[in-house]
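Right, one structure below, let's go through it.
The values are calculated or read from the model by the stated rules, or taken from the named source; none is laboratory data. As the structure is a prediction and not an experimental result, all values here were calculated from the model. Cβ: placed from backbone, ideal geometry, glycine included. Neighbour counts: every protein chain shown.
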Amino acid sequence: MRYVAPSREAVDPGVFARMPLAAWREFADLLEAPGWPSVDALAARLPTDAPVRFAEQTRGLRADGLHYEQRIAERGVIATRERNWHDLFNALVWLRFPDLKRVLNARQTAEIARLGPKRRSRAQYALTHFDEAGAIVGLRDPGLLALWDAHDWHGLFWREREAWRDGRIEAAVFGHALLEHALTPEWLLVGKALAVALPQAAPLDAAIDACTGAIGDGHSLRDPLELRPLPLSGIPGWHPDGEVEAFHRTAPCYQPLRAGRIYPEPLKVG
């Protein structure tokens, strides 16, 4: 089912207090104010030395004939629609994760140069899936990986729910489409995740840095099958129904493991 975002006026303000949007409260003025922020207001949040800028997507802007990704790489221009949740969240991701967005853009433009703008490689599908629906998961308890590998969702999100609260496993949402979907509280969120094994004391930022490096050097996201599905709505506190055990046995976002499906080992830090 295709997602249609609610109008700005129809958004339940409570969604901004619930994860994953609660993690983006630094942008509350852009997300929660009655009126839409202008593209200029978004641009004002960029560092003065940023190599990119936001520009309103107009017919004149697109007259340069460049692919969206090529325009970013060659001109530093991120085409952005005003009054649009999807593009607003994309801008916020650029503000928070600029290095990760830049390596995705560099990989995409390299593939466009190799294949042309009309064809898409397996790597491009992987990069796009992560850009739209990506999540980065830091694993400080390696024992939880077997549950994830087996799609034992009841185990990962119910029996081991304390692991999500005490930091043994932690997720950061990167995909701007996921953030848009979170505007609808009942929507079931499923991320396309990269897993990173973390030392106990390492912050989640270390996992983000590891993903940035692995994507940038071409060791990660060469194929969509590298991405692990992660039903984010199962994380404690992320979905209104998630505190009831039955949810973790029957929620349609919990899909069984396909026969023969094997996931790559997590990236490693330290």
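Would you check if R45 is of a type in the set (K, R), in contact (Cβ under 8 Å) with a residue 60 or more places away in the chain and within 23 Å of F16 (Cβ to Cβ)? Explain how you work it out, then say what you get.
Details: of a type in the set (K, R): yes; in contact (Cβ under 8 Å) with a residue 60 or more places away in the chain: no; within 23 Å of F16 (Cβ to Cβ): yes.
Answer is no for this residue.
What about A5, is it surrounded by 12 or more Cβ atoms within 10 Å (Cβ to Cβ), closer than 30 Å to Y125 by Cα, touching a strand residue (DSSP E or B) at 6+ places or on another chain (Cβ under 7 Å) and among the aliphatic types (A, V, I, L, M)?
So A5 fails the test.
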List every residue pair whose Cβ atoms lie under 8 Å apart, where the two residues are 6 or more positions apart in sequence or sit on different chains, the first residue falls within the stretch 222-237 and is assigned by TED's automatic domain parsing to the domain that holds A150 and over 24 Å from L127 (Cβ atoms), and the second residue, located anywhere, is in a strand (DSSP E or B) and at pLDDT 95 or above.
S233/V190; I235/A171
Hey, K118 hits all of (1) more than 30 Å from R8 (Cβ to Cβ); (2) in contact with an Asp or Glu (Cβ under 8 Å, 6 or more places away or on another chain) but one; which does it fall short on?
(2)
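Select from the stretch 113-135 the residues that are over 14 Å from the mean Cα position of the chain (by Cα) and at pLDDT 95 or above and write down the one among them that is surrounded by the fewest Cβ atoms within 10 Å (Cβ to Cβ). Explain how you work it out, then say what you get.
To start, the set of residues in the stretch 113-135 that are over 14 Å from the mean Cα position of the chain (by Cα) comprises 113-125.
Restricting the remaining residues to those that are at pLDDT 95 or above gives 121-125.
Values: S121: 16, R122: 14, A123: 21, Q124: 20, Y125: 16.
Going through the qualifying residues, I end up with R122.
Kindly indicate whether any position in the stretch 68-84 is aromatic (F, W, Y) and touching a strand residue (DSSP E or B) at 6+ places or on another chain (Cβ under 9 Å).
Step one: of the stretch 68-84, the residues aromatic (F, W, Y) are 68.
Filter again for touching a strand residue (DSSP E or B) at 6+ places or on another chain (Cβ under 9 Å), leaving 68.
Yes, some residue in the stretch 68-84 is aromatic (F, W, Y) and touching a strand residue (DSSP E or B) at 6+ places or on another chain (Cβ under 9 Å).
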Scan the strands (runs of 3 or more DSSP E) fully inside the stretch 53-148 and keep the ones with 3 or more residues being over 30 Å from P34 (Cβ atoms).
134-139
When you check T80 against the structure, is it surrounded by 17 or more Cβ atoms within 10 Å (Cβ to Cβ) and of a type outside the set (G, A, S), yes or no?
yes
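Search the stretch 59-73 for residues being touching a residue at least 24 places away in the same chain (Cβ under 8 Å) and among the hydrophobic types (A, V, I, L, M, F, W, C), and hand back the single one that is surrounded by the most Cβ atoms within 10 Å (Cβ to Cβ).
Result: I72.
So which of A206, A210, A163 ends up being aliphatic (A, V, I, L, M) and touching a residue at least 60 places away in the same chain (Cβ under 8 Å)? Walk me through how you get there before you give the answer.
Values: A210 fails: touching a residue at least 60 places away in the same chain (Cβ under 8 Å); A163 fails: touching a residue at least 60 places away in the same chain (Cβ under 8 Å).
Of A206, A210, A163, the one residue that is aliphatic (A, V, I, L, M) and touching a residue at least 60 places away in the same chain (Cβ under 8 Å) is A206.
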If I filter the stretch 34-43 for residues that are in contact with a helix residue (DSSP H, G or I) (Cβ under 9 Å, 6 or more places away or on another chain), among the polar types (S, T, N, Q) and modelled with pLDDT of 95 or more, do I get at least one hit?
no
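Mind checking which residues of the stretch 149-165 are among the charged types (D, E, K, R), under 30 Å from G260 (Cβ atoms) and part of a helix (DSSP H, G or I)? Before you say what the answer is, go through the steps one by one.
Filtering the stretch 149-165 down to residues among the charged types (D, E, K, R) leaves 149, 152, 159-162, 165.
Narrowing the set further to residues that are under 30 Å from G260 (Cβ atoms) leaves 149, 152, 159-161.
D149, R159, R161, listed by residue number.
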